[in-house]
Amino acid sequence: MKEIIRYISSHHKQGEKPNIFYFSTPRSGSTWVMELILSQKGIKQCNEPFNIRKEKIREVLGIHDWDTLQSEASLDKIKAYINLFVKGSKQVSFADILPQQKHHRFITNRIIFKILFAGEDRLEWFRDTFNGKIIFSIRHPIPVSLSREVYPRLTSFVTSAYSKNFTAKQLEFAKEIIAKGSEMEKMVLDWCFQNAPPLRNPPKDLLIITYEQLTLHPAPIISKLADYLELEDKERMLQGIAVPSNSVSKSNQETTSFLSDSANYENNKKWLIEKWRKKVDVEQEKHLMKILQVFDLDIYTFGDYLPNKKYWLS
């Protein structure tokens with residue numbers, strides 16, 4: 001019954017503006033960014049279309065394991081699957097939201113695909129195949145790892161075609177962590193695998209957003225997003241900065257309480273991006289951040305909770 005309601009309460013007809021392919025790691029502020037974009041008229045959300053842990057996605061996509069999803073053989077199925085959303089097909093109505101849910105719209109002409117589980121090494125393919133706009137957001141690996149519960153693709157990063165993005169030395173290092181490492185080491189390793197391709201070989205037109213800047217100094221990010229994605233109401237996006245996202249329920253009670261008080265948020269934003277330090281000692285931090293060095297990632301370094309200045313938008 002819910003699928004029927006979803007289908008009849010949503011009419012999508014693709015307009016002239018390009019669709020948006022938004023790549024991120026879980027627990028990196030992706031829901032927050034997506035909701036800022038959804039504050040604009042006519043945009044429809046497609047949340048995690050490649051999360052094949054969900055049966056309906058496996059069924060419609062026609063892919064049932066991570067290795068296949070990350071192979072060249074998957075591209076035709078991915079193309080056909082995305083085009084179902086663009087055409088407003090009933091087959092993908094399971095991804096629509098119900099009329100009473102936030103950001104529901106009866107009529108839409110543009111889609112933002114929030115992609116957490118695929119395509120990090122295929123950004124240009126998504127852009128060119130669907131004539132879309134691509135954006136990418138990232139957050140410091142330690143708070144991300146502390147707040148995640150699963151890392152479903154970790155082994156597949158090594159065993160699938162995705163491994164071609166890494167050196168033999170990096171893959172051997174990864175195998176050692178997968179076999180003997182702690183949960184935090186595995187989480188940070190997963191973060192490195194997911195974020196290395198777009199950071200080391202970004203398309204020239206890729207817009208990279210850091211969670212830390214969005215928290216502390218959002219105005220330049222909102223301006224860049226609006227210009228790049230052809231969004232009209234920057235002020236509405238700025239007003240949404242201090243509004244808790246739909247994923248806030250996954251945060252702990254202390255964070256949820258903090259986000260519910262807009263005045264507290266505005267006066268103490270720094271707390272949000274450095275509170276993880278209470279849970280990790282200096283030696284742990286130093287050890288975990290060495291994993292990034294092995295993967296030639298310089299966006300975050302030991303002793304600094306902010307990203308490298310070259311990733312800070314002005």
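The values are calculated or read from the model by the stated rules, or taken from the named source; none is laboratory data. Everything quoted here is computed from the prediction, not taken from an experiment. With ideal geometry, Cβ positions are generated from the backbone for all residues, glycine too; neighbour counts draw on all protein chains shown. Note: areas computed on protein heavy atoms with side chains; ligands, DNA, RNA excluded. Shrake-Rupley method; radii C 1.70, N 1.55, O 1.52, S 1.80 Å.
The table below gives the values:
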{"quantity": "Selection from Cys192, Ala80, Ile52 lying farthest towards where the dipole of the chain points positive, charges on Cβ", "calculated": "Ala80"}
{"quantity": "Highest to lowest packing among 205-216, 132-143, scored as the average C-beta count within 10 Å", "calculated": "132-143, 205-216"}
{"quantity": "Cα shape, the chain, gyration tensor, a/c 1.5 rule", "calculated": "oblate"}
{"quantity": "Local electrostatic count, Pro203, Cβ distance below 14 Å [Lys/Arg +1, Asp/Glu -1]", "calculated": "0"}
{"quantity": "Given charges at beta-carbon only (K, R positive; D, E negative), |dipole| of the chain in Debye", "calculated": "580 debye"}
{"quantity": "Of Thr108, Ile209, Tyr305, farthest towards positive along the dipole that unit charges on Lys, Arg, Asp, Glu beta carbons give the chain", "calculated": "Thr108"}
{"quantity": "Shape call, the stretch 46-86: gyration tensor on alpha carbons, a/c limit 1.5", "calculated": "oblate"}
{"quantity": "Rounded, prolate or oblate (a/c below 1.5 giving rounded, otherwise prolate when a/b exceeds b/c) for the stretch 128-221 by Cα gyration tensor", "calculated": "oblate"}
{"quantity": "Rounded percent of accessible protein surface that carbon and sulfur make up, the stretch 161-228, 1.4 Å probe", "calculated": "56 percent"}
{"quantity": "Mean Kyte hydropathy of -0.5 or more with a Cα span along the axis of at least 24 Å, helices from DSSP in the chain", "calculated": "183-200"}
{"quantity": "The chain, helix-only ellipticity at 222 nm - DSSP H runs n ≥ 4, -39,500 (n - 2.57), divided by all residues, nearest 500", "calculated": "-13000 deg cm²/dmol"}
{"quantity": "Solvent-accessible area, 1.4 Å probe, carbon plus sulfur percent, for the stretch 30-71", "calculated": "46 percent"}
{"quantity": "Sorted peptide list for 12-21, 33-42, criterion being average Cβ within 10 angstrom, highest first", "calculated": "33-42, 12-21"}
{"quantity": "Per residue accessible area in Å² of the stretch 38-146, where ligands, DNA and RNA are left out and the probe is 1.4 Å", "calculated": "41 Å²"}
{"quantity": "Relative contact order (percent, whole number), the stretch 65-154, Cα cutoff 8 Å, 6+ residue spacing", "calculated": "23 percent"}
